[in-house]
Every structure is written in structure tokens, then in C-alpha cells.
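This report refers to the structure that appears directly beneath it.
The values are calculated or read from the model by the stated rules, or taken from the named source; none is laboratory data. The structure presented is a predicted model; accordingly, all values stated were derived computationally and were not measured. Note: ideal-geometry Cβ built from the backbone for every residue, glycine included; neighbour counts use all protein chains shown. Side chains are part of the model used for accessible areas, which takes the heavy atoms of the whole protein and leaves out ligands, DNA and RNA. Shrake-Rupley method; radii C 1.70, N 1.55, O 1.52, S 1.80 Å.
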Amino acid sequence: MTNVLIGARIARPAYLTLLLTSIHHVYGAWVYATPWRHHAVFVSLVAASVMAIALRLAARETLAGRVAWWVFVLTTAAIPVLMIGAFEGLYNHVIKNVLYFGGASASTMHTLFPPPTYELPNDCFFEATGILQVVPAAFAAARLVRAITA
């Protein structure tokens, strides 16, 4: 299978992660009156653009194509998988909700998730979209690992 076909299988869940985080952050900016959350849309647009351009260039059987492939791989690993899936989704939402609903103390919650950057769980849509970011990011991660270890 060519890098472009492999890349397309990786890109679909990665793009879904970027879209989901954009929805999540725009909603969070609105519901919590924190317009700084809109930065995630910009980050997502830049990451998606870099990924798309790199994947397009990776179709070439040249040194530039091989470099573009690795730009695609590294951008996908860094932004949708690590920054959004692992940090934003897993830490900021999954772990936060597990600790909160598991009865962690207020001081523990405020130490690990200090306001005003973090909100304690109080909005189902915000928390659900935060948690859901992990799912497509995990698919992208698994496909990335398969692609670079094959």
C-alpha cells in the first residue's frame, strides 16, 4: 500500500479529532465565556492544512515526497494524537472526570486542574466532546504505529 493510501487511513480519524476539538473548544468558549479557547480552531486548521499538503506531496517518489511523509507523520502524532487525544482528551477530560466522580478532594482537583484554565465537570456536552476526542485520536495513533513499524 502506498504512503498516500496509508496516510488517508491515518488522516481520517486525525481530521475527525481536529474537528471534534474545534467544536468542543468553540462550545467551551461560549458556555464558559472564555474566548481564548478559540485558539484550538486555529491550531486545528493549521495542523489539518499541514497534514493535507504533506500527504499530497508524499505521493511523489522523491526525497521531497519522503520528507513530506515524515512531516505528515510527525504533525499527526504531535497535534491530533498527543496534544489533543492524549493531553486534551485523556488528561483534561477522561482523568479529570474519573477523579471528580471518583470523589477526589477539591484541593486535588484544583491542584491538577487549576481554574480558570480548567472547569470542573458541570456541562455534559462539554465533557462528552472532551472525552470523545480520545476515540478518533486513538484510531489515528494505532494506524500511525502500524504505518511506521510495518
Would you check if there is a residue in the range 22-40 being part of a helix (DSSP H, G or I), within 22 Å of Val145 (Cβ to Cβ), open to solvent by 20 Å² or more (accessible area, probe 1.4 Å) and not β-branched (Val, Ile, Thr)? no
What pairs come out if I take residues in the range 1-13 that are modelled with pLDDT under 95 and pair them with residues that are open to solvent by less than 10 Å² (accessible area, probe 1.4 Å) whose C-beta lies under 7 Å away, six or more apart or interchain? Asn3/Ala58; Val4/Ala58; Gly7/Ala58; Gly7/Phe72
Test of understanding: among Val81, Val135, Val98, which residue is modelled with pLDDT of 95 or more, open to solvent by less than 60 Å² (accessible area, probe 1.4 Å) and aliphatic (A, V, I, L, M)? Val81
Please verify whether His25 is without any contact (Cβ under 8 Å) to a residue 24 or more places away in the chain and closer than 17 Å to Pro136 by Cα, treating the condition exactly as stated. yes
From Met109, Met83, which residue is more than 22 Å from Val41 (Cβ to Cβ), part of a helix (DSSP H, G or I) and either out of contact with any strand residue (DSSP E or B) (no Cβ under 9 Å at 6 or more places or on another chain) or among the aliphatic types (A, V, I, L, M) (or both)? Met109
Of everything in the range 115-134, what is touching a helix residue (DSSP H, G or I) at 6+ places or on another chain (Cβ under 8 Å) and part of a helix (DSSP H, G or I)? Give them in sequence order. Phe125, Phe126, Glu127, Thr129, Gly130, Ile131, Leu132, Val134
What are the pairs with Cβ atoms under 8 angstrom where one residue, in the range 85-105, is of a type outside the set (A, V, I, L, M) and the other, located anywhere, is open to solvent by 50 Å² or more (accessible area, probe 1.4 Å) and part of a helix (DSSP H, G or I)? Sequence gap at least six, or different chains. Gly85/Ala138; Gly89/Ile131; Gly89/Leu132; His93/Ile131; Lys96/Leu112; Asn97/Ile131
Regarding the range 106-127, can at least one residue be identified that is of a type outside the set (D, E, K, R), within 13 Å of the chain's Cα centre (by Cα) and open to solvent by less than 70 Å² (accessible area, probe 1.4 Å)? no
Members of the range 1-21 that are open to solvent by 60 Å² or more (accessible area, probe 1.4 Å), under 15 Å from Leu132 (Cβ atoms) and among the hydrophobic types (A, V, I, L, M, F, W, C): Leu16, Leu19
Ala64 being open to solvent by less than 70 Å² (accessible area, probe 1.4 Å), free of Cβ contacts under 8 Å to residues at least 12 places away in the same chain and either under 24 Å from Val145 (Cα atoms) or among the β-branched types (Val, Ile, Thr) (or both): yes
